[in-house]
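FYI, it's all coordinate maths here, none of it is from the lab. Quantities reported herein were computed from a predicted structural model and do not represent experimental measurements. Don't worry about glycine lacking a Cβ; one is built from the backbone with ideal geometry, like all the others, and counts go over all protein chains shown.
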């Protein structure tokens, strides 16, 4: 995939972990590399990476070849999409390995979020950049892991062997040189045997250079290469992070708006509504007390009219407050929809199958959609029967509202004046929490509207 | 009457207390949350408790829970649940077990002071009081309820008035019927709703409940 982030992409994340990435790996010191713990951890990493590499590579090859050959069928596309998305697990394994042994903390990519529906899943899977990048990482790191292991283990073994030659040479068999002399010791080139003390010393010195200086440096170099690969291919891309930030802030906006509406409703309830009730009550009391007595008819009339106005205001205010945020929604979608169905002027059936409680903003969205759709069915479609059903499946919530009215509902674009139809408003509301709206309303009816919402837009 | 009030709005609480005291009733307690109400009733049992549905801490259904608790611990204390909105589910919960001596009214009803005080009296005497708005809502959607859709319009009207807690005489007056005709309608309602013969009041309550437990 093309979106390969710079290795420091993880630094964009506001998580506190990220600082560790910079300071976690102690600076490598050339002269004392052999005695740094980090060197040995990296050595261990090369072993572990070699063990993983064939499997990861086989997975990458299988995904590409199987996916390509199966792609001609729909089932094949599903398999390919699933394999690509599941490659993220290899990324997870490699990230944790890099974190524990290389001190390279790579942030997780943005979670896989398939679009709803069968083809949505296929599209999302095939285009999953984190999955593709994990596959690319498996392929590249296969080569790097094998090379790194071979080089590192060769230099390590050579250095150690040469340094300790003066101990173990005595167990070597005797060899006869071309001139007929017998030697016991490693043979380097034609008739050059390490069997004299100066040569032993020189050989040990060369071994020491290998083990002390060359091996740790190469070992570390390959480890850094692996770390850079992991950071570059297994972390989130800058673009996906930006997208996630945008989604975060949008969800916050939706939640803020929802919370603000709740607060307004509460303020109305605690303040204005209570005051109006008190006024109406006192006016009623005054009227009752005056009724038996001799009063000017104008006063009685004034009182009566003030009383009536206060009561009308109460009814208006109640409808207004309910429209802002029905308080019963605080108890959940089920009781709110039950009340909605009970208040509907036409026969309204309700089927609820809610396994998990959605986020407040989603509950509010579902409720107001149901309310708007019921109003439409009654007002515009002249329906005689409305069916509302809500069910949760996995992390989605599906709201379905159907009526037997005359249909013809269309999702029109907003007029130039900025005026929107009710359905366009619904579509906007649904889109704000990452949901989808599907309308089926042929002229003559019936109308069926299906709305699909995530249970929690923050954790799709 | 001795009356306890639980209402979190100070202005309404004080107004109610003043109003009822002005009409010669004694306010045993005027508190702002459910826990305080239960304590106050335990200390001195009133004839009727007026309970706001939404009270601290969560402002959802504290009042309903307090009312049900009161019914359990003090069955002889009448309870009037007081609400800003009509929520059928709350009403159904309230009337599910012992609907006698229980009421559910919109707060607006205090504006008609005399009829409000009258409702309190009826609750005190073990009657059931349902807000006309609740009844109207239930009647509108009553077609969905099993049994209720077989009622004639007249029987529906009678049931509606029964649900408001009216007596046969009051129903007869309201609908300009004879007492005998009301009696006949009620018998027909019981029959259609499948309510077996039992003491009359009990069956009346069951018929009303039929509305709520759809």
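Each part reduced to its alpha carbon centroid, the stretch A:162-198 and the stretch B:167-191 end up 124 Å apart.
Rg/Rh for the stretch A:200-261 (Cα atoms only, Rh after Kirkwood) is 1.59. Between the stretch A:211-233 and the stretch A:97-130, how many Å separate their Cα centres? A separation of 26 Å, based on Cα centres. Which shape class, rounded, prolate or oblate, goes with the stretch B:71-132 when its Cα gyration tensor gives a ≥ b ≥ c as root eigenvalues, a/c under 1.5 marks rounded, and past that a/b bigger than b/c marks prolate? Oblate, because a/c is 1.5 or more while a/b does not exceed b/c.
Taking other C-beta atoms within 10 angstrom as a stand-in for reagent exposure, A:215, A:166, A:132 fall in the order A:166, A:132, A:215, fewest first. Here the Debye sum runs over all C-alpha atoms of the stretch B:2-130 as equal scatterers in vacuum, and log10 of I(q)/I(0) at q = 0.11, 0.13, 0.19 Å⁻¹ comes out as -0.30, -0.43, -1.00. Shape class for the stretch A:328-454, computed from the alpha carbon gyration tensor (a ≥ b ≥ c): oblate, with a/c not under 1.5 and a/b at or below b/c. If R0 is taken as 51 Å, the Cβ-Cβ distance between residue A:224 and residue A:440 corresponds to a FRET efficiency of 0.30.
Between the C-alpha center of the stretch A:239-310 and that of the stretch B:33-60 there is a gap of 23 Å. In plain terms, the residue of B:117, A:449, A:72, A:228 with the fewest other Cβ atoms within 10 Å comes first and the most crowded comes last, giving A:72, A:228, B:117, A:449. Cα-based radius of gyration for the protein assembly as shown, normalised by 2.2 N^0.38 Å, reads 1.52. Using only alpha carbons, the stretch A:265-324 has a radius of gyration to Kirkwood radius ratio (Rg to Rh) of 1.11.
For chain A, adding -39500 (n - 2.57) for each run of n ≥ 4 DSSP H residues and dividing by the number of residues yields -20000 deg cm²/dmol at 222 nm. Cβ-to-Cβ counts within 10 Å put B:59, A:307 in ascending order as B:59, A:307, the fewest first.
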